[in-house]
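Down below is the structure, laid out as structure tokens.
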Amino acid sequence: MKVTVKYFGLVAEAAEKSEEVLELNGELTAMELKSQCLNSLAIADKESVQIAVNQNLDDTITLKDGDEVALLPPFAGG
Amino acid sequence: MSKYDRQIKLTEVGPEGQKKLRSAKVLVVGVGGLGCPATMYLTGAGVGKIGLMDHDKVDMSNLHRQVLFQEPDVGRSKAVVAKERLEKQNSEVQFEVFEEPLTIENAENIINQYDVVLDGTDNFETKYLINDACILANKPWVFASIYKHEGQLSVFNYEDGPTYRCVFPKSTRQNISCEATGVLGVLPGILGTLQAAEVLKIILGAGEVLSGKLKLINMMRASEQTIKINKRPEEVEKIRQNGIAPVYIDCDLKNKEQWYLDVREVFEQPKPKGKKVLSIPMGDLTSRYREIPNNQEVFVFCQSGKRSRNAIEILKNEFGFHNLKNVEGGIETIIDG
């Protein structure tokens with residue numbers, strides 16, 4: 001199945017892209033996909049990155065074909 | 001003709017709405033990139049009382065985005081300059097100046113005196129502090145944050161809605177300021193203006209308030225989207241039960257054998273651990289300089305490397321220290337991990 005992953009803030013910067021389509025094998029929760037996506041990236045605090053699936057903040061959802069996952073780090077600038 | 005004629009004409013405002021605005025009290029925490037445009041529009045709209053809270057002084061590097069300030073204001077208190085400018089814009093608005101940071105000690109008391117809080121801060125600690133104090137005081141707050149070309153916006157704790165801790169339960173050390181990353185002046189301009197719009201809707205009871213939603217804006221890509229957020233009742237309940245949860249963000253420094261001097265204020269984060277890290281804020285240097293070792297190399301740091309450079313000058317010229325080295329780039333460059 002295919003899911004679209006959208007990256008924001010310093011996650012997008014570390015990934016050097018703002019969006020990609022991933023081909024997934026087997027069942028995966030949003031949290032598992034996040035770990036997979038962030039694993040190789042140089043991000044100091046991965047726990048702080050939140051997950052939205054289809055514009056809903058939730059990391060417990062099991063992903064299905066066509067889902068859109070957003071990885072949202074907190075910002076502090078003002 | 002009335003000062004507010006053009007907005008009273010709107011059915012969402014009308015004479016009744018204008019009265020609501022006139023009796024409303026809004027606290028703006030941080031009069032910087034977000035707070036400047038926000039306070040200008042709130043002042044224009046005739047909000048009755050605006051609290052201007054900022055312990056910082058105007059710096060030349062602020063002027064490209066902090067639109068209340070002008071070149072002759074450099075070095076002066078942001079809160080005081082903001083009051084002077086805004087009073088000229090609308091003499092009917094009452095301003096209260098707070099030249100102090102929001103702290104665990106003063107937050108609930110100050111916020112209790114206002115109806116809505118507008119977050120113009122640039123650090124996680126104060127955002128969590130506003131959040132927790134607003135939960136205890138039962139007030140809504142309008143949040144915004146930026147990172148380079150992106151912004152986040154939401155209204156928290158509005159009519160029992162989700163709070164900041166419902167989105168980001170835990171604070172993070174990744175506190176990256178505009179100073180560090182750079183920002184185009186228009187981005188905080190856009191976000192601060194949207195914050196003012198949310199405040200006006202809350203006061204007027206008009207339209208749809210951005211509660212339960214997190215708006216994400218990317219200025220460079222000209223894109224935006226809205227994420228639905230749900231309340232995590234246990235996060236809110238924790239604060240109600242235990243009071244404001246202080247955010248202590250600790251960290252390790254790379255070299256544990258090295259002496260360090262931290263000249264930042266006590267509320268600045270993260271706080272490095274270790275026996276060889278001295279914490280003496282700038283203002284206390286002249287009374288506490290004897291605590292600093294003078295027979296071995298000491299690295300002096302602050303958030304950016306600017307204040308620590310000044311501290312070294314003072315310690316060298318007034319107290320004869322010759323063993324101090326500046327940490328260029330600030331604390332982030334010496335953190336381990």
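The values are calculated or read from the model by the stated rules, or taken from the named source; none is laboratory data. A quick note: this is a predicted structure, and the numbers were derived from the prediction, not measured. Because the Cβ atoms are built from the backbone with ideal geometry, glycine has one as well, and the counts that use them run over all protein chains shown. For the accessible areas, the whole protein counts, side chains as well, though only heavy atoms, and no ligand, DNA or RNA atoms are used. Shrake-Rupley method; radii C 1.70, N 1.55, O 1.52, S 1.80 Å.
Determine the total buried accessible area between chain A and chain B, counting protein heavy atoms only with a 1.4 Å probe; round to the nearest 100 Å².
Counting both chains, the buried surface is close to 2500 Å².
Using protein chains only and a probe of 1.4 angstrom, how many square angstrom of B:Ser308 are accessible, to the nearest 10?
0 Å²
How large is the Kirkwood hydrodynamic radius of region B:247-292, in angstrom, based on all distinct alpha carbon pairs? Show your work: numbers first, answer last.
On the way: mean 1/r = 0.0888 Å⁻¹.
One over the average 1/r among Cα pairs gives 11.3 Å for region B:247-292.
Can you send over the solvent-accessible area of A:Phe8, 1.4 Å probe, protein chains only, in Å² to the nearest 10?
30 Å²
How many percent of the accessible area of chain A is carbon or sulfur, using a 1.4 Å probe? If you can, show how the numbers build up before the last one.
Details: 1550 of 3570 Å².
Here it works out to 43 percent.
What are the residues of region A:1-21 that lose 20 Å² or more of accessible area, with a 1.4 Å probe, going from their chain alone to all protein chains?
Output list: A:Phe8, A:Gly9, A:Leu10, A:Glu13, A:Ser18.
Suppose accessible area is computed on protein heavy atoms with a 1.4 Å probe; arrange B:Glu257, B:Glu268, B:Glu234 from highest to lowest.
B:Glu257, B:Glu234, B:Glu268
About the Cα centre, and with charges only on the beta carbon of Lys, Arg (+1) and Asp, Glu (-1), how big is the dipole of chain B? Nearest 20 debye, please.
It works out to roughly 400 debye.
Could you give the length gained on full extension between A:Asn25 and A:Ser40, defined as 0.36 nm per residue of separation minus the Cα-Cα distance, in nm?
Net length gain for the segment: 3.5 nm.
Give the Rg/Rh ratio for region B:139-212, taking Rg as the radius of gyration of the Cα atoms and Rh as the Kirkwood radius, to two decimals. Display every interim value, and only then the final one.
Working: Rg = 13.5 Å, Rh = 13.4 Å.
The Rg/Rh ratio comes out at 1.01.
Take the solvent-accessible surface of the protein heavy atoms, probe 1.4 Å, and return the percent of it on region B:250-333 that carbon and sulfur atoms account for.
The nonpolar share, carbon plus sulfur, comes to 48 percent.
Let me cross-check B:Ile335: its accessible surface, 1.4 Å probe, with only protein heavy atoms counted, in Å² to the nearest 10?
Probe radius 1.4 Å; accessible area of B:Ile335 about 10 Å².
On full extension of the chain, what length is gained from B:Asn323 through B:Ile335, given 0.36 nm per residue of separation minus the C-alpha to C-alpha distance?
2.2 nm
Which one, B:Ala196, B:Gln258, B:Ser91, projects farthest toward the positive side of the charge dipole computed for the protein assembly as shown from Cβ point charges (K/R +1, D/E -1)?
So the residue furthest toward the plus end is B:Ser91.
Leaving ligands and nucleic acids out of the surface, order B:Met60, A:Met1 by accessible area at 1.4 Å, largest first.
Output order, biggest surface exposure first: B:Met60, A:Met1.
Any idea what log10 I(q)/I(0) is at q = 0.07, 0.08, 0.09, 0.15 Å⁻¹ for chain B, Debye with uniform C-alpha scatterers and no solvent?
The Cα Debye sum returns log10 ratios of -0.32, -0.41, -0.52, -1.29.
How many nm separate the modelled label positions at A:Met1 and B:Lys273, each set 7 Å beyond the Cα in the direction of the Cβ?
Rounded to a tenth, the inter-label distance reads 4.1 nm.
On the principal axes of its Cα set, how long, how wide and how thick is region B:180-287? Give whole Å, largest value first.
57, 41, 28
Compute the distance in nm between two label points, each set 7 Å from the Cα along the Cα-to-Cβ direction, one at B:Leu10 and one at A:Lys17.
For B:Leu10 paired with A:Lys17, the spin-label model returns 4.2 nm.
Counting partner chain Cβ atoms within 10 Å of every residue's Cβ in B:225-238, what's the average?
The shielding value for this peptide is 2.
Under a plain spin-label model, where a point goes 7 Å from the Cα along Cα-to-Cβ, how far apart in nm are B:His64 and B:Glu265?
2.5 nm
Determine, at each q value in 0.09, 0.11 (inverse angstroms), the log₁₀ of I(q)/I(0) that the Debye formula gives when each Cα of the protein assembly as shown is one equal point scatterer.
With no solvent term, the Cα-only Debye profile gives -0.60, -0.88.
Using the Kirkwood radius over C-alpha pairs as Rh, can you work out the diffusion coefficient of region B:37-164 via Stokes-Einstein at 4 °C, viscosity 1.567 mPa s, in µm² per second?
D, rounded to a whole number, is 84 µm²/s.
Under 14 Å from a point 7 Å along the Cα-to-Cβ line of B:Glu291: which residues of region B:244-276 have their amide N that close?
Flagged as within label range: B:260-267, B:272, B:274-276.
Give me the Kirkwood hydrodynamic radius of region B:231-337 in Å, from all C-alpha pairs, to one decimal place?
Values: mean 1/r = 0.0663 Å⁻¹.
Computed over region B:231-337, the radius equals 15.1 Å.
What residues of region B:39-74 lie in the reach of a label at B:Ala206, counting those whose backbone N is under 20 Å from a point 7 Å from the Cα along Cα→Cβ?
B:39-50
Leaving ligands, DNA and RNA out of it, rank B:Thr11, B:Thr226 by accessible area with a 1.4 Å probe, largest first.
B:Thr11, B:Thr226
Can you list, largest first and rounded to whole Å, the semi-axes you get for region B:80-238 by taking the square root of 5 times each eigenvalue of its Cα gyration tensor?
Working: eigenvalues 99, 90, 60 Å².
Whole-Å semi-axes of the equivalent ellipsoid: 22, 21, 17.
If the viscosity is 0.692 mPa s and the temperature 37 °C, what Stokes-Einstein diffusion coefficient in µm²/s follows for chain A when Rh is the Kirkwood radius over Cα pairs?
Details: Rh = 12.5 Å.
Reported coefficient: 262 µm²/s.
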